[in-house]
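The next block holds one structure in the form of structure tokens; read it before the comments.
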Amino acid sequence: MAVITVVGSLNMDLVIRASRQPRQGETLLGRNFGVTGGGKGSNQALAVARLGAESHMVGCVGKDDFGRRLRSFLTENGVDCRHMEERGEAGTGVGVITVTDEGESSIIFVQGANVLLDEAALERARDIIAASDAVLFQMEIPSGTVAAGLKMARSLGHRTFLSAEPPFSLPTDAWGDIDCLILNEKALNFYVEKIPAPSSGKKPALLSDEEIALRARQILDRGVRYVVVTQSARGGMVFSQEGFFSFDPFKVHVVDNTGARDAFCAGLCVGLAEGMPIVRAARFASAAGALACTRIGAHPSLPCRCDVENLLEETAGDYAG
């Protein structure tokens with residue numbers, strides 16, 4: 001069994017279902033409301049556990065009901081929360097999410113106690129990081145902590161993963177400590193600032209494959225081993241110094257895409273930590289991400305290993321490799 005430590009954010013998500021996103025200055029009537037665990041770190045730690053790996057969570061919550069509920073739920077679902085710290089200086093992070101009938105979501109995120117995850121907290125978690133096969137980070141915690149954690153994990157000889165969304169700046173020397181960078185086209189543009197986005201008008205244009213490749217190669221030149229660009233319903237692309245390949249999406253009925261990217265990141269981390277070839281790991285991750293779109297809420301939507309394997313088996317004839 002692969003051992004994976006997730007270093008990242010923990011939130012309580014307040015989810016509203018509505019026919020569409022509100023316009024600026026508009027009051028829109030919603031239909032349903034729910035409260036569920038979230039935050040990219042929490043989501044990915046839970047997804048790792050459900051996908052069959054030993055999962056450890058490093059993060060900060062407040063000394064409040066939201067923090068207690070998150071710890072209880074994650075622990076009950078197989079995540080080791082010994083290094084999930086309770087801090088009195090701030091409340092637990094909160095995400096306010098609006099989900100449309102098409103399953104598209106928009107999120108307002110209040111960091112709360114997530115900003116308190118610092119290098120000292122990483123040092124207190126060094127024992128479990130040292131015992132891991134891979135360490136998975138996101139950008140909803142301070143970028144300095146991410147950089148320090150990447151360096152620590154790399155110095156201990158472990159594979160490092162960074163889900164670089166939301167796209168916040170990283171220290172220059174951090175790139176060389178990333179084995180696998182996972183991001184979407186918007187974040188790809190953010191991290192390659194010298195190349196202007198090819199957009200005009202109200203909605204950003206999609207990048208061409210050539211434009212994606214140009215940006216990905218610039219990131220590879222910074223020392224990253226794999227650059228994985230997710231493209232939602234179009235699948236995605238994986239770049240390395242040896243070349244690139246595309247992976248196809250799985251066709252599912254989309255209800256809520258809030259947890260899809262986190263399920264994908266967890267799936268890729270689990271797959272590679274287990275020794276899967278990168279092509280197989282990307283397909284495994286894509287199946288996990290697709291299944292996470294079929295239920296409402298981040299935590300409730302994250303699939304178990306058996307469901308992912310069933311989808312892979314059902315669609316085996318549709319894919320080569």
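None of the figures in this text is laboratory data; all of them are computed from the coordinates on show. Quick caveat: nothing in here was measured; it's all calculated off a predicted structure. Quick reminder, even Gly has a Cβ in these numbers, built from the backbone with ideal geometry, and neighbours come from all protein chains shown.
According to the square roots a ≥ b ≥ c of the eigenvalues of the Cα gyration tensor, what is the shape class of the chain, taking rounded for a/c under 1.5, prolate for a/b larger than b/c otherwise, and oblate for the remainder? Cα axes put the chain in the rounded bin.
Each residue, Ala130 and Ala316, gets one label point 7 Å from its Cα in the Cβ direction; the gap between the two is 4.3 nm. Normalised by residue number, the volume inside the convex hull of the Cα atoms of region 220-294 is 82 Å³ per residue.
Taking amide hydrogens as placed 1.01 Å from N in the peptide plane, the amide H of Phe168 sits under 5 Å from that of no residue at least 5 positions away in sequence or on another chain. When you count the other C-beta atoms within 10 angstrom of each residue and take the mean per peptide, 179-192, 42-55 line up highest first as 42-55, 179-192.
The string of couplings for region 211-217 from the Karplus curve (6.51, -1.76, 1.60, θ = phi - 60°) is 5, 4, 4, 4, 5, 4, 5 Hz, one whole number per residue in order, with x for Gly and Pro. Under 5 Å from the amide H of Asp118 lies no amide H of any residue 5 or more positions distant or on a separate chain, with H modelled from the backbone and absent for Pro and chain starts.
Remark: region 176-183, residue by residue, has Karplus-estimated 3J(HN,Hα) of x, 9, 9, 7, 9, 9, 10, 7 Hz, where x stands for each Gly or Pro and the curve is 6.51 cos²θ - 1.76 cosθ + 1.60 at θ = phi - 60°. A simple packing score, the average count of other Cβ atoms within 10 Å per residue, orders the peptides 6-15, 159-168 as 6-15, 159-168, with the highest score first. How high is the FRET efficiency from Asp65 to Asp101, r the C-beta distance, R0 30 Å, rounded to 0.05? The pair Asp65/Asp101 has a calculated efficiency of 0.45.
Rounded if a/c is under 1.5, else prolate if a/b is larger than b/c, else oblate: which is region 250-321, with a ≥ b ≥ c the root eigenvalues of its Cα gyration tensor?
Verdict is oblate for region 250-321.
Residues in region 17-24 carry Karplus couplings, in order, of 9, 9, 5, 7, 6, x, 7, 4 Hz; the curve used is 6.51 cos²θ - 1.76 cosθ + 1.60 with θ = phi - 60°, and Gly or Pro positions show x.
Once amide H atoms are placed 1.01 Å from N in the peptide plane, what residues at a sequence separation of 5 or more from Gly37, or on another chain, have their amide H within under 5 Å of its amide H? Those lying under 5 Å, H to H, from Gly37 are Asp13, His299. In terms of the Cα gyration tensor, with a ≥ b ≥ c the square roots of its eigenvalues, is region 42-173 rounded because a/c is under 1.5, prolate because a/b exceeds b/c, or oblate? Rounded, since a/c falls under 1.5. Peptides 236-243, 142-149 ordered by packing proxy, namely the average of other Cβ atoms within 10 Å per residue, highest first: 142-149, 236-243.
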